Amino acid sequence: MSARIIDGKALSRQLRQNFRRHAEHLKQQGIVPGLAVVLVGDNPASRVYVNNKIKACEECGVHSSTHSLPADTREADLLQRIEALNADDTVHGILVQLPLPAHIDMRRVLEAIDVNKDVDGFHLYNVGALATGNTIFPPCTPYGVQLLLETAGIDVAGQNVVIVGASNIVGKPMALMLLQKEATVTVCHARTRDLAQHTILADILIVAAGRPNLIVPQMVRRGVVVIDVGINRLADGRIVGDVDFEGVSEKAAWITPVPGGVGPMTVTMLIDNTLRSATRLAGEGEGIGSLGWDAPTLHPPHP
């Protein structure tokens with residue numbers, strides 16, 4: 001048995017074509033969707049990620065602006081820049097590229113972003129609202145994973161879903177989103193004993209641990225659906241996920257490749273959220289909602 005591939009790159013390409021049409025519609029109404037990306041320092045990986053996001057904006061007809069600040073920028077100056085972007089009506093989404101320099105309080109910075117422009121979904125309101133299903137902007141990577149599952153026709157309701165990795169960016173929000181869809185969710189982490197005894201029970205296995213080849217064939221059951229969120233660069237320059245793709249794909253029913261699986265969807269969902277924000281803030285409705293849901297009408301107070 002060889003697993004069917006869940007092709008995030010192909011789905012992302014299709015979605016971006018739809019997004020471009022939606023952006024053109026907004027422009028006809030006099031609304032130019034805008035994303036502001038704030039980059040502090042010269043982290044090479046961060047620069048690559050920012051460039052990818054800017055290219056995606058161009059592809060989808062979304063205006064983007066990059067605010068590059070030196071690594072020694074004071075926290076107060078960064079907060080002042082965010083406040084200016086909060087007040088700018090031409091900016092519908094604000095993204096602060098992580099990681100930030102050590103002298104800056106990441107949580108304070110993320111919570112300074114207007115919750116109505118928090119297209120990364122990292123503001124405390126958006127994260128907390130996942131528990132009730134009322135988030136304005138779902139975090140981009142879990143949002144992309146959920147869409148990959150839905151477009152593959154994989155119903156999570158009643159399924160045993162095991163998530164390996166309990167980060168605030170992927171693992172925890174992913175668990176909350178799947179609980180809303182009536183999945184039975186187990187979250188494993190660095191302190192989990194005998195990881196295999198949990199992964200072997202998974203109908204759907206989502207791995208976001210940041211460890212290459214953590215999941216090997218003997219750790220999964222035949223017919224499992226595997227979503228590999230990991231992106232790891234090996235010493236020889238190859239990019240691999242957290243799953244032994246060749247081995248596990250012989251047992252799995254579905255599997256995402258690395259690269260070309262979840263990665264492209266993360267950036268695409270950022271564009272989705274930005275267009276939803278432009279639509280909401282312009283009074284045009286509640287956004288396009290790739291998963292068929294509408295953003296809530298609740299407008300929480302600015303932080």
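A short reminder: the numbers here are calculations on the coordinates, not readings from a lab. Just so it is clear, the structure is predicted and the values come from calculations on it, not from any experiment. Every residue, glycine as well, gets a Cβ built from its backbone with ideal geometry; the counts of neighbours run over all protein chains shown.
What the table below lists for this structure:
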item	result
Environment charge of Asn86, counting only residues whose C-beta is closer than 9 Å and scoring Lys/Arg +1, Asp/Glu -1	-2
Anisotropy class of region 1-120 from Cα gyration tensor, a/c 1.5 cut	oblate
Assigned charges on the beta-carbon of Lys, Arg, Asp, Glu; the chain dipole about Cα centre (debye)	500 debye
Farthest toward positive dipole pole in region 1-80 [+1 Lys/Arg, -1 Asp/Glu at C-beta], among His63, Leu39, Gln29	Gln29
C-alpha long axis of helix 262-281 to longest principal axis of the chain, angle in °	30 degrees
Ranked Thr266, Thr151, Thr132, criterion: other C-beta atoms within 10 Å, fewest first	Thr132, Thr151, Thr266
Region 137-259 - Rg over Rh from alpha carbon coordinates, Kirkwood radius	0.93
Under 14 Å, Cβ to Cβ, from Ile5 - net charge with Lys/Arg +1 and Asp/Glu -1	-2
Tail beyond 24 Å, pair distance distribution of region 61-181 (Cα, percent)	36 percent
For region 140-256: relative contact order, % (alpha-carbon pairs under 8 angstrom, 6 or more apart)	22 percent
Rounded to the nearest 20 debye, dipole of region 140-256 from Cβ charges on Lys, Arg, Asp, Glu	300 debye
For Val156, net neighbour charge (Lys/Arg +1, Asp/Glu -1) across residues whose Cβ lies under 12 Å away	-3
Residues Val243, Val50, sorted so that the one with the fewest Cβ neighbours within 10 Å comes first	Val50, Val243
Lys117, Lys9, Lys53 arranged by Cβ crowding within 10 Å, fewest neighbours leading	Lys9, Lys53, Lys117
Whole-angstrom gap from region 91-154 to region 6-39, using each part's C-alpha centre	17 Å
Cα gyration tensor, region 213-267 - rounded (a/c under 1.5), prolate or oblate	oblate
Label corresponding to Cα extents along the principal axes in Å when calculated from the structure given, among [x] 77, 47, 38; [y] 57, 46, 36; [z] 53, 41, 33	[z]
Relative contact order of the chain, pairs being alpha-carbon contacts under 8 Å that are 6 or more residues apart, as %	22 percent
Proximal aspartates and glutamates to Lys117, defined as alpha-carbon separation beneath 12 angstrom and excluding residues fewer than eight positions away on the same chain	Glu83, Asp88, Asp89
Among Leu195, Asn51, Ile163 the positive-end extreme of the charge dipole of the chain (Cβ point charges)	Leu195
